[in-house]
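For reference, the structure is listed below as structure tokens.
The values are calculated or read from the model by the stated rules, or taken from the named source; none is laboratory data. These numbers were taken from a predicted model, which means no experiment stands behind them. Here the Cβ positions follow ideal geometry from the backbone for every residue, glycine too, while neighbour counts run over all protein chains shown. Each accessible area value is taken on the protein alone, full model and side chains, heavy atoms only, with ligands, DNA and RNA left out. Shrake-Rupley method; radii C 1.70, N 1.55, O 1.52, S 1.80 Å.
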Amino acid sequence: MKSLTAARTAGDGQDLVTTLGGHAVPLRARSAVMLVLISIAGLAMFCWPLLTHHDASGSAHVTDAPIIFAVTLPLLVFVILAEFADGGMDSKALAMLGVLSAVDAALRPTGGGTGGIETVFFLLILAGRVFGPGFGFVLGCTSLFASALITAGVGPWLPFQMLCSAWIGMGAGLLPRRVRGTREIVMLIGYGIVSAYLFGALMNLYSWPFLAGADISGHANLAYSSAYSLLENLHRFGVYTLVTSTGGWDTGRAITNAVAIAVLGRPVLVVLRRAARRASYDLVRSAD
Amino acid sequence: MRRLPAPVHPVAWWLWAIGLAVAASFTTDPLLLLLLIGVACFVVVLRRGDAPWARSLRVYLLLGAFIVVVRVAFRCFLGASGSGTVLLDLPRIPLPDWAAGVSLLGPIHLSDVLDGLYDGLRLAAMIICIGAANSLANPKRLLKVVPIALYDIGTVVVVAVSVFPQIADSIGRVRRAQRLRPDSGGRKWHVVRRMIVPVLADALDRSLLLAAAMDSRGYGRRGPTPVRTRRILGVLTVAGLIAVCIGVFGVLDDRAPAAFRWPAFVLGVALAAVGLAFSARERTVTRYRVDPFGVTACAVAASGLAAGGLMILAGQYAPAHLNPSTTPATWPVVDLLPLMAAVIGLLAAVVSPPSAIQGLDEEVPA
Amino acid sequence: MIELRDLSIRYADDRPPELAHVDLHIEEGELALVIGRTGVGKSTLLGAINGLVPHFTGGRLSGNVVVAGMDTRDHPPREMADVVGRVGQDPVAGFVADTVEDELAYGMEQLGVAPATMRKRVEETLDLLGIAALRGRSLATLSGGQQQRVAIGSALVTAPRVLVLDEPTSALDPGSAEEVLAAITRLVHDLGTTVVMAEHRLERAVQYADSVIAMPGGGVVRSGDPATMMIDAPVAPPVVELGRLCSWTPLPLSVRDARRAARPLRGRLADPSPRARPAGDVALRAKGVTVQYRERVAVRDVTLQLAAGTVTALMGRNGSGKSSLLWSLQGSGPRSAGSVLVDGVETSGDAKRGSTSGPQIGLVPQTAADLLYLESVGEECAAAGPEARALLDHLAPGIDDGQHPRDLSEGQRLSLVLAIQLAGRPRVLLLDEPTRGLDYTAKALLTQQLDTLARDGHAVLVATHDVEFVAGLADRVVVLADGDVIADGPTADVVASSPIFAPQVAKVLAPQEFLTVRDVARALGDSRELG
């Protein structure tokens, strides 16, 4: 409504001035509240094996939980995406998101995830850095979704991957803004490494109960058990993730991120910033 | 009567697949699971089109096999602790304390192998059902049925999917062009940079043109925004999300008060869903040629959901035979009801028409 | 229909205005052609009609733009969408969906048109533009002309009363451009749609225009009847230049009119003087070059020699194997058989990698920007070699070191890539469609640049569709069709007699073999001296 009133005051005698500026996907207070709530719920859905407190007998719900969550999480992700879209995403932001998602999806096969060479995140981190947390969050979701559609990889794991990479994109947008130059690249490399391991750990946490199974009979085989305490389960998970993936995929991913940002960080940031300048968002209309 | 080739509503295929997956989740009987996998594959082979995503079933079959192998390996080599017949007597290697009391190897019992196999097979069957849906449902048509609140996000994905081949083209073109630069010496990483930067810059320039085109064609039109409705929906959604947060933790914890468990969770999810369904109502967008959810679609969905329902029913009446014992190992027995559950999914192939083959006009202009 | 009242637009307060106090009136059902050099604000004028300027681009607008009673001040582009349809230069960049049908429907989806109506209008539009056979096709698989017609269709499907086209044919080959222009004129005549179109290649468009809007620069806009406006328009097609040279009144706009006016001239003219550059020794010797992609033979057994100091044009329709031949000659493209020797050295394979003398052949690809990857012109030049900067200054003076290569104009970017490719001191230079997107001025500059290079002893081979460009530049023309060489000879012999490749001047003055206005001027000068 703001824009219409502004236009009306810009009557015949006066100039109509539109200035450009602002964020591609603005993070409003309401969006932020929803984002926090969904992040809490989403994190719990990742970590449920660690959080369960059941008597050994009442394990019926335990098998239900992942299925229920697999149905619920997409809904939550959709809620927050709809909120961002409603909060003033204009066509420029939308086109930019679409094109960057496509580039991201195109980069993915070059790594193919083999040996942990996962090239999705470096562009996500850089774009989140340039366009801000809201954009980073949405890009994280859409680029994984698009690449899942292209490679026919839609499944219950997809919402979890989307949320995870959305956090990575958002986090990149929340890094201190004033750091520039070499220090910025160093900071982003650090973030890339941390986020690679975090992504690995979270996705492992997601697949842990499925791959290692539930330890119902109380034997030690690296599976979670609802009878154990949080700490004990965490310990088991720690060992699980260390043996299964930290040495391989996660480290590969971290190295990919670090190398990609070190090598391509500066030129890609320049390209993205140039685009951001040319396609500034949010028309601020005024009459003078 | 001969049915004309026509696409089946993508949601119908997903419901069908989810029904099969639910059926699979309720049993560890390998015969039933193999039967379910067979049914899923059979329907896919009969009814898939010639689109790229239709070829994805193989990947999912491989993934399923991988899951079974991993699951069995976990059971057998990480502190196997079954009983009954010993298949292989390996020495047990205890690990230091930090490893959470885990030990490697040890004698492998038949029950270990079977437990791992059954469990893995169940998960594999579920994954393969999902793969079947991926092969059968046209993802682009799926995007047409998203609620209006997700229209923008749907558009982002549509744009991404349609720009994707252009990016791939652009990569090929740039790679060829870059070979012409006289200074191809220099540091090796230059090669990557020389690829990525022009492709990205090209893509971003493109996005601005695309945005202008979208604006000129009316993108983003809204009717008058009822402020009060928006506010109410916002409050509803936030309240729903708070309830979901409470509910998630409640569900996982036996000690939480009853009201904070399933009721809170379900209420929260319902509120959030309502908020999603009713937001962005002021958008005036309509959809072109949405697939009708007709009789065929209903029948396809019903055959899958019936599989799930029958299996749940079987679980109520004769749970014993759905999860064959591994200690001692017995031959799996298949009752009539679960058998029906496993094969009823085949009906989808009977009720659905063959998929329309797109004209093979993939001529690439030079 | 369209009213511009005292319209001024500037993008930033510290920059000169793009448009200054423009008053313009376009009648309903008119085809108005906007002409002017690159960068004079044609796109700004067109963008202002549906409100993209300043709502989308940002900027300051004073005065009013009123289209069908709607003022763009109060209505952003999305609300003008059912009144003004817009088609951009590159159809692919504006596509939202990925099949023809969905793309056509997109605009109506946005306007909330009922599904039944949508279905009907899509069918009608498919027929209107003759693209019904393409309905289910993926947009990426269409030819350029088909894509642009789909883009026009998707703008038309909401039945707008005004259609704005920003250089709709500049990225197309002549055949496709012809196709698109025919579709546009049919719209004007059959539907009464008001069309405002900016166009580079006036030789194709000016004869169809009802009025001409000329933009000489400085934000000034003048409009009027085509024949009067073209007398001193800033850019003009050869037929108009010929008319100006001979002071014909009224000024002819089509070959037909000019031919009638030229009757007395044809008798007066002496035969054209041959103007081939002196050919040096043979720089490139290609024998039996064949390029095959799986089943398809793109180039079949082509034998070709390029002499130093000459410019050869390679012509032929899209997909006739021009690009494949160029890349294969250069050595980096595939080649199934044959040999290409430059000064006796094979260009492809190990022989090239082993040599230390750098590439013997420079190639400027169709999308020249693909070669550029650094952040400034200076860095690009430095990366290319020590001589690149000097070459660039020589080719196109006045390009600043600090500029981002992507911010340069099409012509400047081409010069930069040319300089980069020449820095390796190749003896042979190949160019693939260099005139795409260039206006007359930039084309004239390129002609001059290539002429200089040829006189310096380079052998130049240009693959192009642009007959006027060929007429003004080439010594020799090679025509490819379906991978075979079907004609090879001096430009005048090959081009003048061909109905498709003949430049306008040749058509006007046939059977005399004049190719350009300059040739005629020279001949007139000669004949006057004689007389």
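Remarks
- Scanning the range C:1-28 for residues that are modelled with pLDDT under 90 and either over 15 Å from residue C:72 (Cα atoms) or among the small types (Gly, Ala, Ser) (or both) turns up C:10, C:11, C:12, C:13, C:14, C:15, C:16, C:17, C:18.
- Of all residues making up the range C:113-147, the number that are out of contact with any Gly (no Cβ under 9 Å at 6 or more places or on another chain) and assigned to a loop (DSSP other than H, G, I, E, B): 4
- Exactly one residue out of C:340, C:289 is among the hydrophobic types (A, V, I, L, M, F, W, C) and touching a Leu at 6+ places or on another chain (Cβ under 6 Å), and it is C:340.
- Qualifying residue in the range B:252-264 (condition: at pLDDT 85 or above and farther than 29 Å from residue B:136 by Cβ): yes
Yes/no per residue for (1) open to solvent by 20 Å² or more (accessible area, probe 1.4 Å); (2) within 19 Å of residue C:184 (Cβ to Cβ); (3) at pLDDT 90 or above:
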| residue | (1), (2), (3) |
| --- | --- |
| C:91 | no, yes, no |
| C:99 | yes, no, no |
| C:105 | no, no, yes |
| C:111 | yes, no, yes |
| C:114 | yes, no, yes |
| C:123 | yes, no, yes |
| C:139 | no, no, no |
| C:146 | yes, yes, no |
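- If you go through the range B:114-147 and pick out every residue that is open to solvent by 20 Å² or more (accessible area, probe 1.4 Å) and modelled with pLDDT under 85, you end up with 11.
- The requirement of being in the same structural domain as residue B:23 (by TED's automatic domain parsing), surrounded by fewer than 18 Cβ atoms within 10 Å (Cβ to Cβ), assigned to a helix (DSSP H, G or I) and touching a residue at least 40 places away in the same chain (Cβ under 8 Å) is satisfied by residue B:339.
- Total residues in the range C:232-256, condition under 24 Å from residue C:213 (Cβ atoms), in a helix (DSSP H, G or I) and either touching a residue at least 12 places away in the same chain (Cβ under 8 Å) or in contact with a His (Cβ under 7 Å, 6 or more places away or on another chain) (or both): 8
- Qualifying residue in the range C:360-370 (condition: modelled with pLDDT under 80, open to solvent by less than 60 Å² (accessible area, probe 1.4 Å) and either more than 7 Å from every other protein chain (Cβ to nearest Cβ) or not in a helix (DSSP H, G or I) (or both)): yes
- The set of residues in the range B:207-224 being over 13 Å from residue C:109 (Cα atoms), surrounded by fewer than 22 Cβ atoms within 10 Å (Cβ to Cβ) and either more than 8 Å from chain C (Cβ to nearest Cβ) or touching a residue at least 12 places away in the same chain (Cβ under 8 Å) (or both) consists of B:208, B:223, B:224.
- Residues satisfying the stated conditions in the range C:395-435, i.e. assigned to a loop (DSSP other than H, G, I, E, B) and surrounded by fewer than 19 Cβ atoms within 10 Å (Cβ to Cβ): C:397, C:398, C:400, C:401, C:402, C:403, C:404, C:409, C:425, C:427
- Candidates B:180, B:233, B:208 - the one that is closer than 21 Å to residue C:86 by Cα, hydrophobic (A, V, I, L, M, F, W, C) and at pLDDT below 90: B:208
- Candidates B:228, B:221, B:206, B:261, filtered to the one that is closer than 23 Å to residue A:97 by Cβ and outside the structural domain of residue B:159 (by TED's automatic domain parsing): B:221
- Meets criteria (assigned to a helix (DSSP H, G or I), among the small types (Gly, Ala, Ser), surrounded by 14 or more Cβ atoms within 10 Å (Cβ to Cβ) and away from chain C (no Cβ under 14 Å)) for residue B:256: no
- Members of the range B:113-147 found to be facing chain A (nearest Cβ under 9 Å) and touching a strand residue (DSSP E or B) at 6+ places or on another chain (Cβ under 8 Å), listed by number: B:115
Yes/no matrix, rows are residues, columns are (1) under 19 Å from residue B:215 (Cα atoms); (2) at pLDDT below 75:
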| position | (1), (2) |
| --- | --- |
| A:20 | yes, yes |
| A:46 | no, no |
| A:55 | no, yes |
| A:63 | no, yes |
| A:83 | no, no |
| A:88 | yes, yes |
| A:99 | yes, no |
| A:111 | no, yes |
| A:114 | no, yes |
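- Looking only at the range B:148-184, and only at residues there that are open to solvent by 20 Å² or more (accessible area, probe 1.4 Å) and β-branched (Val, Ile, Thr), the one that is farthest from the other protein chains (Cβ to nearest Cβ): B:148
- Scope the range B:299-336; condition part of a loop (DSSP other than H, G, I, E, B) and either of a type in the set (Gly, Ala, Ser) or in contact with a strand residue (DSSP E or B) (Cβ under 6 Å, 6 or more places away or on another chain) (or both); matching residues: B:318, B:325
- Residues located in the range B:272-297, provided they are in contact with a Ser or Thr (Cβ under 7 Å, 6 or more places away or on another chain) and open to solvent by 30 Å² or more (accessible area, probe 1.4 Å): B:296
- Selection within the range B:28-55: residues that are within 14 Å of chain A (Cβ to nearest Cβ) and modelled with pLDDT of 90 or more. The member of this set that is nearest to residue B:335 (Cα to Cα) is B:40.
- Helices (runs of 4 or more DSSP H) within the range C:22-93 that include 3 or more residues touching a residue at least 60 places away in the same chain (Cβ under 8 Å): C:42-49
- Selection status of residue C:159, more than 7 Å from every other protein chain (Cβ to nearest Cβ), open to solvent by 10 Å² or more (accessible area, probe 1.4 Å) and part of a loop (DSSP other than H, G, I, E, B): yes
Here is a yes/no grid of residues against (1) within 23 Å of residue C:197 (Cβ to Cβ); (2) facing another protein chain (nearest Cβ under 8 Å):
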position	(1), (2)
C:54	yes, yes
C:61	yes, yes
C:67	yes, no
C:75	yes, no
C:95	yes, yes
C:98	no, yes
C:103	yes, no
C:106	yes, yes
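- Taken over the range C:453-463, the criterion of being touching a helix residue (DSSP H, G or I) at 6+ places or on another chain (Cβ under 8 Å) and surrounded by fewer than 23 Cβ atoms within 10 Å (Cβ to Cβ) is satisfied by C:453 alone.
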